[in-house]
Structures are given as C-alpha cells and as structure tokens.
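Inspection log for the structure reproduced underneath, given as structure tokens.
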Amino acid sequence: MHWRFSRYGWRLLPGSLTTLIFAILLLLGALQPLEQLVYSLLFETRREQAWDDRLVLIAIDDASIKQLGRFPWSRTQYVKLLDILSKKEAATPSVIVFDLIWSEPSADDAKLAEAIARSGRVVLAQARDQTGLPLLPVPVLQDAAIAMGHIFVRSDPDGLIRRVHLYDNGTPTLGLAAVEAYTLVHAPVSLPTFLPDKEQLLWLNWAGRARRLQQYSFSDVVQGSVPAQALQDKIVVVGLTAAGIDPLITPFDRNPPVNGVHLNAAVINNLLQQNALQPASFAWSWLILCLAGPGLSLLLSDRRESQQVLMMVCLCVGWGVVSFLLFKGGYWIPVILPVGLCKLTTIAVIINDRMRLSASLQDQVQQLWQQHQHNLILRPPHLNAYEDAKPCQKAGLLQSVTRMSTLAEQFARSQSAQTTIARSLPIGLLAADLDGWVWFCNPAATEWLQVNVSHNLSAYLIPEWISEDQWQSDLQALEQQRAVASRECQQGDRWFELHLEPLTYQPEAAGSIDSHHQPDGFLMLLEDITPKKQIEVALAQQVQELQRVAQLKDDFLSTVSHELRSPMANIKMAIELLKISRSEAASAQYLKILQTECARETNLINDLLDLQRLEAGAQTYHPETINLNDWLPPIIQAFSERAETQHQSLSVELAQHVPVLVSDQPSLERIVVELVNNACKYTPPAGEIKVAVNWTAQHIELVVDNSGTEIPAAELPRIFEKFYRIPQSDPWKRGGTGLGLALVSKLVDYLGGKISVNSGSGHTTFTVQLPLVYQSPVE
C-alpha cells in the first residue's frame, strides 16, 4: 500500500472515523436508550438514601378502600381528614397537598371548601385530559386553596420518569407549589424562579424504595390512630397508593410498581434536600466527541495491542468510577458515549495499526528484494508471475510473501553457516548496534554474559564487567573510528579479555559500500583467559611465597642467633668473673648466673626442637587418664610465689563434676604452663589472673584470663606465629623468644583441640577446647 499520509494523519484517522460514527448515532438518538439504562443501573449501584423527614404521605391504600368503601369517595371523607389535621389543640402540618383531581362538581364541595379554608394551608392538583385540555378543581375549591400545582408528566420509552417540568404554562408542578407554601411558614428553601421563555426541568434523584417514605394509612388518620405529633410541621401529601391505580415504576420499584403520588413526593424530597440531579448539557457530548476520539487515537497508536487493550479497559473503568462518584454527588454525565467511543476507537486503532504494519512490511520486503536478489542462489520461475501486479491488489501481497519466503530461506542458510562457525569457536562472539541492542550472540557469549538476542548489552555489562565511564568511552571511540583497547575483567574466579571491533552493515547494493562510513554497530570478542591468569597468579604467589620464606629465614636466623648469643655472652662473662672472684658469695652468685643462662639456652633449644617435631609429625602421643581436679591445682600452685612477688592475684576455678580427660599429659601440662607463664609475664601489679575449667558432653574448656593488658585487634591474627612479639607490649622488659604461643597452638592442634583469643575491655582471654577422648592420628 502506497498511500501518502502524514504520521499524525494515520494516527488521527481511526479517532476521526469513530467520532463521525458516534456523531451520527447521537443525532439519531440511538444512544439515548442505553444512557437511560445506565441511569437505572447507577441508582441500583448507588443504593438507597433516606427520604426527607419533613415529608409524610397519607396513603389511600387498599386497607382504607376496604374499610371506607369503594373509591372514589365522597368529599365528606376529606372534610373529616382536614378537620382532624386542622384541630387547633393538636399539632398541625405545615402544608397539606392533595394529589387528587376534583374537577367534577359535588354536593359536598361547599363543605370541603370550608374545611380547606379553615386549614389555610392546602395545595390542590390540576392535570390535563387525553386531548391536552386542563383538568382544574371546581372553582369553589380553587378559591379556598392557597396554591395549585400541575401533575402533568411524560415518561420515557422504558416507562421511567426521569424529569418533571417545573412549570406548565406558568403553573408550578405540585411538588414545587407545596414547597413554596412550606417556605411561607418555615425557613426559606432555594427554589427555581419562573422563566417564561425557557423550559425548566427538574431531573429526579430518586431517594429509594417508596415503602421507606414515612407514610400512614388514610383510614388510620381519620380514625385518630395516628398521633398528631407525627404530622406536626410536615408537608403532608395525600394520594392514592392502592394497587393498580395510577401505576408508576422507579429505579427502585419496578415489580410491583408504585403510584403516581410517589412522583410528587420525590419532587418535594429533591427540592427540600436540594439534591436534584444536574445532567451534563448536550454540548458536553459534542465536546467529548470532538476531543476524545482524535485524542484517544493519538494516545493508543503505535503501541502494543496488549497495552492498547489495557489502556482501553482502564479508561472505561475509570470513566465508570468517575461517573458513579459524580452521580452520588448529584451530577449525571454521559457514560455510553465515552465508553463506546473508547472501545470503538481502540478497535479502529488496532485495525489501522495492522494495516499500516502490513503496508510497511510490503515496502521493506520490496527494498530487501531489490538489495539482495542478486545474491540469491536460486530464483524460482514463479516469482515473476506477479511482477506487474499493483501493490493494492491481492497479487501484490502474495508477491511480497513469496519474496519474503525466498529471502528468509537465503538468510537462513547464511545464518546457519554463521551459527555453526560461531558455535565451534572457543570465544564469545556478540554483535550489537551502537545503542547496545544485541542482534547476534553465540552460546559462549550467552553463557558468560547471560545475554540473549534483543537484550540491551549495557544492562548486563555495567557494572559487573566494566564501569559506565569505560563503556561510554569505548562507544565514543567506536563512533570516532578509533582503536579500542582490550580490557581484562574478573568474574568470580574466572578472567576474561573483552575486545570491541567496529561493525559496518550498509543497506546499499553490493559494490557501493563507502570505506569511510560510520560504524553501525560493533562486534564484541570475549575470551576466557583464566588459565593464563592462573599461571600468572601462581607465578606471582610463588614469588611472594619465596619472598616470605626468605624473610622468615632472615627473621629466624636473626632471632635465633640473638637468643642463642645472649645466654652465651652472659655465660662467658660469668666464667671470667668467677676466675677473679675473691669471695664465696660472689662465686655463688656467678655460678647462679651460669645456671640460669644455661637453663635459658636449654629451654630455647628444647622449644625449637619441640616445634620441629610437631611440624614434622614426629611427636609421640601417650594418652593418659587425667583427673583435672587433682592434676591442675599443683601446676598452678607453682606460679603462686611468682604472682605474689609481682603483686598479682592468681586463682583457679573448676566446674563441678569435671569428667576425666584422656589426653597426652606432658603436652597438656606444657600448654597450661605456657599460657599461665604468659599471663604472669604481661599482667601488671595488682592485676588478676584466672584459670577456669568448664566442660560439656564432648569437650573440656580451659580458660586463662588476665587483666590489665589488651592485644590490638590488628595483631590478633599473628600472635601464634613463630618468633612474633607484639610491638611495645612488654613495658616491664621481661623478654621472651616469641615461641611460647606458637608452641601452644601446635600442641593444641596435636591434641585435636582448638584455641582462640579474645582481647578487650582491659582483659585478654585464651580459650582452649579439647575433646574428652582423642586418639592421635599419628598412632
């Protein structure tokens, strides 16, 4: 299809057509029955409201006719009613309204006129006969009444009366005349003013079912069964409610119907409560037609069908909700017109979009055919059958379909070959336009990037692979035809090399491609370089480990040489002093120095040998049954004198019923001695040292806690390293080799336990957890 239409012309076309259709329907009145149906539905949805309590109905019902005789009655019955309602000693109504036509003379007219005159507040009804002539009350009754009102109404085709003419040749409707009389003795009510040159309508807002209106039977009132206070200061409407007489259907009373008197009661109720319906003017319907159709057409065009349908449903439901809320507030706006216009416009837009899509597809197929037909391997003879067919004919569409099928087959061959090649490559291949929309990717790229065709690549690259700035920089380099540097990206424990190459795919015929044409997209190559990176990382780790080992060797040699030389220097000095000693006391002192330094040298060598045996797994494990209640106190007692000398408090706490422990006793003793010795060394004077033993069903827990010192959190991970001493942690210069805690850690592992340390709030606590029974794996 080659229609030349502007973009907005295409989009406005459906709305304009639907507007024309509904304009015709509106002029013909075809929508009116449906709007009237909605009128009734709105009342049913709104539910009932209360009738005004200033309104009372005296019903000439079936019970009254049965009791007082066949209707119509003698005028004397109404005289009795007026006499009862007009008693001076009783509470009287404000207005008495007779919804009855007394156009025929009667012998009792004079009595009734006197009763009406005595009351001084009676409003009478007048009507029209079948020929349109007025039916007025007899003159004597007219003169006695304070006002008259017409009861002339017209029902709609469905039988409902939705509106009442407020004036008929200058005569107000009966309900309006009643309220005008009511305002003479009570607070004024805002009422419409008579306009001779204008049709004045009251649109009825039905309150609810007629039986909810406050009413009393005529016979009960005449017999005095109704208290006078029930009618005091009320507008009393007297009318027929007997079955089959003057039937009237309302939105709330259809089967069975009510009577015409309820229509006038509804008018009075609307005027008293000032809640008559305010319908939208006819001009609003034309405004909706002129704006909604074209506007909706513009709004829905070029969207997905699901979105169009969803928007149509939302608009229809929304308009329905707004209509209902306005109706509750007393405003009646069109419903069928906007909803129908919305639905029909949506259908027209969908059809229009499909037609435009079909025309666009045919144009694109024609272009593709002209560009690629020279590359086709086969050209079936039947393709020429429709070369001369006009585009608007069915043959033109069939030709487009045939050409598209042939092109699709050729493209499928090419795509199959490319896919096979791409699948066999160990690298990821991905093609996308400069906006990042992917149109090709092989399985490797899909697996690594979790991206598929039609996805936007930036959502999967940023920020997991590269940053936003890096991505924009690479795209800018591609657009400027500059080389893009490769990037190495880490994903978990894998490494990838990401490289971008410009990609040009011009839609011109072969042989006309410009070498300086700006790239239309890019080709991404993604290679898994994890093995290469692992080799690099392994080499780096080996170099780092060699450097660490070399540093440890240097530290070890420095520390060991210092720790070994210090005792030897002291021994040599003591020997020299012993040679020149001239007293036994001095000689004894020098011998003690020799003994102390020899023991120090021996302990250092033993610690080194013990660590060597533990690390080599050569330590011999001898399980013994150990009763901690008897075994632990003597070991701790050995430190009592030292703690007392240093003004420290040393205590032992054993939990009740500590079970026996099966473990290597020398190793356990070494652990306790090293931890308590460490605590004594770093606890200041007046500090506390506590050794506690707790137990569970599977473990013994040994806790050594000392106060006064804290280990910095940054140093905690290193305190169990060989020769490591916390910087500036020995203010008392008590020395040490840095092997004690390393030996403790190895011994705890050897015994199958765990050791932990916690330091804070002025305390340092070492906790050793050992199994009650442990068999060494070296045995």
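The values are calculated or read from the model by the stated rules, or taken from the named source; none is laboratory data. Everything numeric here is computed off the predicted structure, so don't read it as measured data. Neighbour counts are summed over all protein chains in view; Cβ atoms, including those assigned to glycine, are modelled from backbone coordinates with ideal geometry. With ligands, DNA and RNA removed, areas are computed over all heavy atoms of the protein, side chains included. Shrake-Rupley method; radii C 1.70, N 1.55, O 1.52, S 1.80 Å.
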Test result for Leu184, among the hydrophobic types (A, V, I, L, M, F, W, C), touching a residue at least 40 places away in the same chain (Cβ under 8 Å), open to solvent by 30 Å² or more (accessible area, probe 1.4 Å) and closer than 18 Å to Ser94 by Cα: no
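Does Leu191 fit the bill of being within 59 Å of the chain's Cα centre (by Cα) and buried (at least 19 other Cβ atoms within 10 Å of the Cβ)? Step through it out loud before you land on a result.
On the way: within 59 Å of the chain's Cα centre (by Cα): yes; buried (at least 19 other Cβ atoms within 10 Å of the Cβ): no.
It is false that Leu191 is within 59 Å of the chain's Cα centre (by Cα) and buried (at least 19 other Cβ atoms within 10 Å of the Cβ).
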Just checking, how many residues over the stretch 276-310 are touching a Lys or Arg at 6+ places or on another chain (Cβ under 6 Å) and surrounded by fewer than 20 Cβ atoms within 10 Å (Cβ to Cβ)? 1
Name the pairs whose Cβ atoms lie under 6 Å apart, with the first residue in the stretch 493-504 and touching a residue at least 24 places away in the same chain (Cβ under 8 Å) and of a type outside the set (Phe, Trp, Tyr), the second part of a strand (DSSP E or B) and open to solvent by 70 Å² or more (accessible area, probe 1.4 Å), and 6 or more positions between them or separate chains? Glu497/Glu488; Glu497/Glu527
Filter pass, Phe71 being open to solvent by less than 80 Å² (accessible area, probe 1.4 Å), assigned to a loop (DSSP other than H, G, I, E, B) and within 30 Å of Lys234 (Cα to Cα): yes
So which residues in the stretch 207-229 are closer than 19 Å to His262 by Cβ and either touching a strand residue (DSSP E or B) at 6+ places or on another chain (Cβ under 8 Å) or basic (Lys, Arg) (or both)? Arg209, Ala210, Arg211, Arg212, Leu213, Gln214, Gln215, Tyr216, Ser217, Phe218, Val221
Inside the stretch 449-470, can you point out the residues that are crowded, with 18+ Cβ neighbours inside 10 Å and either in contact (Cβ under 8 Å) with a residue 60 or more places away in the chain or touching an Asp or Glu at 6+ places or on another chain (Cβ under 7 Å) (or both)? Leu449, Leu457
Can you name every residue in the stretch 255-285 that is over 13 Å from Ile161 (Cβ atoms) and outside any helix (DSSP H, G or I)? Asn255, Pro256, Gln274, Asn275, Ala276, Gln278, Pro279, Ala280, Ser281
The stretch 641-688: number of residues that are open to solvent by 40 Å² or more (accessible area, probe 1.4 Å) and β-branched (Val, Ile, Thr): 4
Just to verify a result, which residue in the stretch 138-165, among those that are open to solvent by 60 Å² or more (accessible area, probe 1.4 Å) and over 60 Å from the mean Cα position of the chain (by Cα), is nearest to Gly175 (Cα to Cα)? Ile146
Are there any pairs with C-beta distances below 9 angstrom linking a residue in the stretch 527-546 that is within 20 Å of His499 (Cα to Cα) to a residue that is in a helix (DSSP H, G or I), with the two at least 6 apart or on different chains, and if so which? Asp528/Ala444; Asp528/Trp448
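Only one of these is modelled with pLDDT under 90, surrounded by fewer than 12 Cβ atoms within 10 Å (Cβ to Cβ) and among the acidic types (Asp, Glu): Asp493, Asp555, Asp520. Name it.
Answer to the check: Asp493.
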Here the qualifying pairs (Cβ atoms under 8 Å; residues six or more apart or on different chains; first in the stretch 743-764 and more than 13 Å from Ile700 (Cβ to Cβ) and open to solvent by 30 Å² or more (accessible area, probe 1.4 Å); second small (Gly, Ala, Ser) and part of a strand (DSSP E or B)) come out as His763/Ser707
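Does the stretch 476-483 contain any residue that is touching a helix residue (DSSP H, G or I) at 6+ places or on another chain (Cβ under 8 Å) and modelled with pLDDT under 90? Full working, then the answer.
In the first step, residues of the stretch 476-483 are kept if they are touching a helix residue (DSSP H, G or I) at 6+ places or on another chain (Cβ under 8 Å); the result is 483.
After this cut, where a residue has to be modelled with pLDDT under 90 as well, the list is 483.
Yes, because at least one residue in the stretch 476-483 is touching a helix residue (DSSP H, G or I) at 6+ places or on another chain (Cβ under 8 Å) and modelled with pLDDT under 90.
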Which of the residues belonging to the stretch 109-137 are farther than 29 Å from Asp233 by Cβ and either surrounded by fewer than 16 Cβ atoms within 10 Å (Cβ to Cβ) or within 60 Å of the chain's Cα centre (by Cα) (or both)? Ala110, Arg128, Asp129, Gln130, Thr131, Gly132, Leu133, Pro134
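Within the stretch 321-335, is there a residue that is more than 30 Å from Asn269 (Cα to Cα) and either exposed (fewer than 13 other Cβ atoms within 10 Å of the Cβ) or at pLDDT 80 or above (or both)?
If we filter the stretch 321-335 for residues that are more than 30 Å from Asn269 (Cα to Cα), which is where we start, we get none.
The answer is no, given that none of the residues of the stretch 321-335 is more than 30 Å from Asn269 (Cα to Cα) and either exposed (fewer than 13 other Cβ atoms within 10 Å of the Cβ) or at pLDDT 80 or above (or both).
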Mind checking which residues of the stretch 32-65 are part of a helix (DSSP H, G or I), at pLDDT below 90 and charged (D, E, K, R)? Glu35, Glu44, Arg46
Please work out which residue is modelled with the highest pLDDT, limiting yourself to the stretch 689-704 and to residues that are open to solvent by 60 Å² or more (accessible area, probe 1.4 Å) and under 12 Å from His657 (Cα atoms). Asn694
Name the residues in the stretch 471-488 that are out of contact with any Phe, Trp or Tyr (no Cβ under 7 Å at 6 or more places or on another chain) and surrounded by fewer than 17 Cβ atoms within 10 Å (Cβ to Cβ), would you? Gln472, Ser473, Gln476, Ala477, Glu479, Gln480, Gln481, Arg482, Ala483, Ala485, Ser486, Arg487
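Only one of Gly396, Gly436, Gly428 is open to solvent by less than 30 Å² (accessible area, probe 1.4 Å) and at pLDDT below 70. Can you tell me which?
On the way: Gly436 fails: at pLDDT below 70; Gly428 fails: at pLDDT below 70.
Step by step, each of Gly396, Gly436, Gly428 is checked, and only Gly396 is open to solvent by less than 30 Å² (accessible area, probe 1.4 Å) and at pLDDT below 70.
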